[in-house]
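Novice: The structure follows.
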Protein chains: 2
Amino acid sequence: MESGTIHVKGEHVRISELSERTGVPVATVKYYLREGLLPAGRSTGATRAEYDEAHVERLRLVRALVGVAGLSLAAVRAVVDAVDRPSDSVLEALAAAHETLPPVAPPGVDTRAAEAVVAELGWHVDPACTALRQLAVAVASLEAVGAASDTALLAGYGRALAPLAQAEVASVPTDSPGAAARYVVVGTVVYEPVILALRRLAHQDASVRRFGADPQEAAAGPGKG
Amino acid sequence: MESGTIHVKGEHVRISELSERTGVPVATVKYYLREGLLPAGRSTGATRAEYDEAHVERLRLVRALVGVAGLSLAAVRAVVDAVDRPSDSVLEALAAAHETLPPVAPPGVDTRAAEAVVAELGWHVDPACTALRQLAVAVASLEAVGAASDTALLAGYGRALAPLAQAEVASVPTDSPGAAARYVVVGTVVYEPVILALRRLAHQDASVRRFGADPQEAAAGPGKG
């Protein structure tokens, strides 16, 4: 811990400070450097190098992908490569980065039910994209377990999520296609657990409101379960 | 495949038909029987047994937990035990079943930020519940990667999800606490991938609307990424 160090944006820092600022242990930073997930720093001596704001950003990206999304290093590399690949437009960069995120959806899956939902919503979606196949797999699971999967119901889910997604996309930085892609990748994976936890808490609140007023009444029934 | 079999609700069927109706292979059904995840059928001979609608429901539950949520058999057993445990009320059964669902959230996690979000929303939530700790872990991840995590933003996510959760809870059957718990467990896990896939598709649509009109303009910037 080096006290008195002022972290100015754009300043070059040593590996120990890079570790402090990101919460990623030095040994892990070195591992990411060896694996090529983090670009080498600017050499300032035989055994020394300095790192900048781009390294901080990259470490946060890798940390989000490994620590939050639970990706393998190979999967992280695919995301990082997509983020680093030069793109002609923000839209192209976003699409390329999005494609690399799990879960894996098999190419042969029947996407008709998913396409019907997207059509009902009037959304602009690439029919070959991974997210459409992810939805197709999810809808097939609903059918397999006997849960409701009709187009109108699923479009209702989509309509509820659209304002959130619009707000998220509205905050995407447009400095460069790469910065936009990095932002979207991090935002996509780190807010997913937030959304799922909030939904469960919302279930709890709704259950208390529906069943909590009179437990005896709510528990009525033949008790066959 | 036995043609001409009519599947009447409440009818007793043999293991082959149980397999056909649920899409779970006979060998897997036998495995679940041995592991106690599926109760034994009604014996109709030395090597024969018959199964009923409760077995179909249970297989769908196990399939949702293993196939969709990716739970270990030990984790499935915990959920099944919670669903089977007699409860005095639907609310108690729902809470007990909810508690068993992953992801695991450590007991010592600081839940203050999560509690602030719930307070902002005015939700009725058990301060000791797992979902609150799941939200706390998710919020800590946002902070770790430098993503926005202020209470107002997260409450906005909650507000968007509340109508969905209310609709879901409104459709919970009240035949018995056990049936309600089974429904909520299946619904919680099988719609999660649907929600995440729809959010990604909504991102795509919002990106096309924001960045798609003029790719050259959208790509403007120093290209430092």
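The values are calculated or read from the model by the stated rules, or taken from the named source; none is laboratory data. The structure displayed is predicted, hence computed values, not measured ones. Cβ sites come from the backbone with ideal geometry, for glycine too, and all protein chains shown count toward neighbours. Remember, those area values only see protein heavy atoms, side chains included, never the ligands or the DNA or RNA. Shrake-Rupley method; radii C 1.70, N 1.55, O 1.52, S 1.80 Å.
Novice: If a residue has to be closer than 25 Å to A:Gly122 by Cβ and open to solvent by 10 Å² or more (accessible area, probe 1.4 Å) to count, how many in the range B:167-198 make the cut?
Specialist: Result for the range B:167-198: 6.
Residue-by-condition table, conditions (1) modelled with pLDDT under 90; (2) touching a Lys or Arg at 6+ places or on another chain (Cβ under 9 Å):
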| position | (1), (2) |
| --- | --- |
| A:Ser3 | yes, no |
| A:Glu11 | yes, no |
| A:Gly23 | yes, yes |
| A:Leu37 | no, yes |
| A:Ala40 | no, no |
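Novice: Among the listed residues A:Arg60, A:Arg48, A:Arg42, identify the single one that is at the interface with another protein chain (Cβ under 8 Å from one of its Cβ atoms) and among the basic types (Lys, Arg).
Specialist: Checking each option against the conditions leaves just A:Arg60.
Novice: If I ask for residues that are facing chain B (nearest Cβ under 7 Å) and assigned to a loop (DSSP other than H, G, I, E, B), which ones from the range A:127-156 would you list?
Specialist: Passing the criteria: A:Cys129, A:Val145, A:Gly146, A:Ala147.
Novice: So, one more: For A:Val109, only one of the following conditions fails: (1) at pLDDT 90 or above; (2) aliphatic (A, V, I, L, M); (3) within 18 Å of the chain's Cα centre (by Cα). What is its number?
Specialist: For A:Val109, the failing item is (3).
Novice: Just to check your reading of the model, which residue among A:Leu161, A:Leu101 is within 7 Å of chain B (Cβ to nearest Cβ) and of a type outside the set (Phe, Trp, Tyr)? Quick ask: steps written out before the conclusion?
Specialist: Values: A:Leu101 fails: within 7 Å of chain B (Cβ to nearest Cβ).
Criteria check complete, one pass: A:Leu161.
Novice: Select from the range A:118-132 the residues that are under 18 Å from A:Ala97 (Cα atoms) and out of contact with any Gly (no Cβ under 9 Å at 6 or more places or on another chain) and write down the one among them that is surrounded by the most Cβ atoms within 10 Å (Cβ to Cβ).
Specialist: Looking at the filtered set, the residue picked out is A:Ala131.
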